[in-house]
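Structure first, then comments.
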Amino acid sequence: MSQPAPTPTLGTAPKRRVPLWDNARFACIVLVVLGHAVQRLTYGSDVALGLYLVIDAFHMPAFAIISGYFSKGDAPSKRQMARVLTDIVLPYLIFETLWTLTKWLVEGHANPDPARPSWTLWFLLALAIFRLVLPYLALLRWPLVWTVAISVAAGYSADIDATFSLSRTLGLLPFFTLGWWLAHHDIVRRYRLLQRRRVWVRAAALALFALAGFVAWYFVDLWRTVDLRAWLFYDASYADLGGPWWSGAVRLALMAIALVLSVAFFALVPRGTYRWTHFGQYTMYVYLLHSFVLYPFRETDILRDAEPTWLWLPAVIAGSVLIALALATKPVRRVFRPLVEPRPRWLFADPTLAGREGHRSDPTGSRRPRPPR
């Protein structure tokens with residue numbers, strides 16, 4: 001096992017690379033792939049839908065928490081501002097263009113609209129907005145309270161929709177802010193949360209997921225009736241979802257569930273360094289590329305009525321892990337680096353703001369060591 005590499009200080013986050021965060025990043029991206037892969041099975045399988053609902057209930061909030069933990073609330077420097085462009089905005093524009101071309105070639109038509117992100121690309125826009133507004137949120141007293149209020153209130157407005165992924169951005173903003181707040185107040189170190197976990201903590205975390213899975217499966221007909229999946233997306237107004245006037249309380253409840261499951265998730269994430277740990281530094285590749293791998297399954301009925309579930313669901317789970325591992329490997333990174341990690345020195349008045357080849361940040365804030373000269 002390799003020794004953890006030093007990483008620059010981000011806020012009050014740890015100064016040395018902590019394997020937990022890379023493990024958590026990779027586990028989250030596996031859940032992203034699995035959620036998208038299992039979606040077609042949910043139409044004919046209650047078990048698959050239950051798994052899908054449990055994953056959707058917390059995996060993007062957990063990703064937002066990690067992203068916030070490694071974000072700075074200070075006024076951004078020129079280099080940090082440039083990284084928003086090079087690490088988030090440019091990859092978004094590149095892959096939005098690729099998706100437009102793909103739809104045109106495969107479906108025979110396309111409707112280019114950069115303001116309406118294709119499939120998985122919404123989170124890139126959300127990250128860009130998160131980082132732009134964080135310095136302002138950091139000025140406020142009780143930023144968590146304000147962002148929760150913003151998230152709940154956003155659902156009451158029909159004018160806040162998927163344009164620039166604003167509905168999801170505001171919906172998930174409290175989790176991103178929570179991650180920053182944890183780092184800003186040094187909560188992890190002060191309460192020794194990275195120390196060895198007690199057995200009862202892991203048992204409680206497993207019990208929470210078992211309970212969530214049982215509730216998702218046992219009441220699956222109810223969840224289909226109320227279209228719980230749409231509520232978990234944070235991308236539609238309460239009125240569009242057919243919700244009552246007190247729908248804000250439903251969002252609060254879903255946010256509380258997401259927080260509890262995220263805590264349980266982090267409690268279960270391994271603390272050590274493993275052969276796959278370093279893949280957590282390259283989740284950008286998995287995130288941007290996996291949708292192209294899954295596109296044929298999404299656009300066909302190959303998995304829609306796949307039976308039996310006991311055979312297909314484990315196969316999809318194993319396949320999702322393998323896809324995530326494969327897309328984070330060095331050969332894939334070498335081929336797709338110009339698209340995923342563009343270095344447009346020509347774009348900036350000061351070309352050094354584009355940074356050096358290979359020294360990049362994952363969209364969730366993971367800094368990789370500088371390559372040797």
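Table for the structure above
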| quantity | calculated |
| --- | --- |
| Cα centre as origin, Lys/Arg/Asp/Glu Cβ charges: the chain dipole, Debye | 2340 |
| Positive dipole terminus of the chain, leading residue within PRO308, VAL335, SER151 (C-beta point charges) | VAL335 |
| Options PHE175, LEU347, PHE279, ranked by Cα towards positive dipole end of segment 21-354, top entry (Cβ charges) | PHE279 |
| Residue among ILE66, VAL260, VAL89 farthest towards the positive dipole end of segment 21-354, charges placed on Cβ | ILE66 |
| Segment ILE150-VAL106, extension gain: residue separation times 0.36 nm, minus the distance between their alpha carbons | 11.9 nm |
| ³J(HN,Hα) computed for each position of segment 182-192 - Karplus, 6.51 cos²θ - 1.76 cosθ + 1.60, integer Hz, glycine/proline x | 4, 6, 4, 9, 6, 5, 4, 6, 4, 9, 6 |
| Isotropically averaged projected area of segment 21-354, using the convex hull of Cα atoms (one quarter of hull area), nm² | 18.5 |
| Most to least packed among 62-69, 28-35 [average Cβ atoms within 10 Å] | 62-69, 28-35 |
| Environment charge of THR277, counting only residues whose C-beta is closer than 11 Å and scoring Lys/Arg +1, Asp/Glu -1 | +3 |
| Karplus-derived 3J(HN,Hα), 6.51/-1.76/1.60, for each residue of segment 264-279, Hz, glycine and proline x | 4, 4, 5, 5, 8, 5, x, 8, x, 9, 10, 4, 8, 4, 5, 5 |
| Rel. contact order, % - alpha carbon contacts under 8 angstrom, at least six apart, the chain | 33 |
| Residue among LEU311, LEU353, LEU144 with the largest mean-square fluctuation in a Gaussian network model of the chain, springs linking Cα atoms under 10 Å | LEU311 |
| Net charge of Cβ neighbours under 14 Å - reference MET81; Lys, Arg +1; Asp, Glu -1 | +2 |
| Whole-Hz ³J(HN,Hα) from phi, Karplus 6.51 cos²θ - 1.76 cosθ + 1.60, for segment 241-251, glycine and proline x | 8, x, x, x, 5, 8, 4, x, 5, 5, 4 |
| Highest to lowest packing among 108-115, 225-232, scored as the average C-beta count within 10 Å | 225-232, 108-115 |
| Cα centre as origin, Lys/Arg/Asp/Glu Cβ charges: segment 119-254 dipole, Debye | 1020 |
| Two-decimal Rg/Rh across segment 78-174, once Rg and the Kirkwood Rh are taken from alpha-carbon atoms | 1.05 |
| Local electrostatic count at VAL106 - Lys and Arg +1, Asp and Glu -1, tallied over other residues with Cβ under 15 Å | 0 |
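Quick note: the coordinates plus some simple rules give every number you see, no bench work behind them. Worth saying up front: this structure is predicted, and the values here are computed from it rather than measured. All Cβ positions, glycine included, derive from the backbone under ideal geometry; neighbour counts span all protein chains shown.
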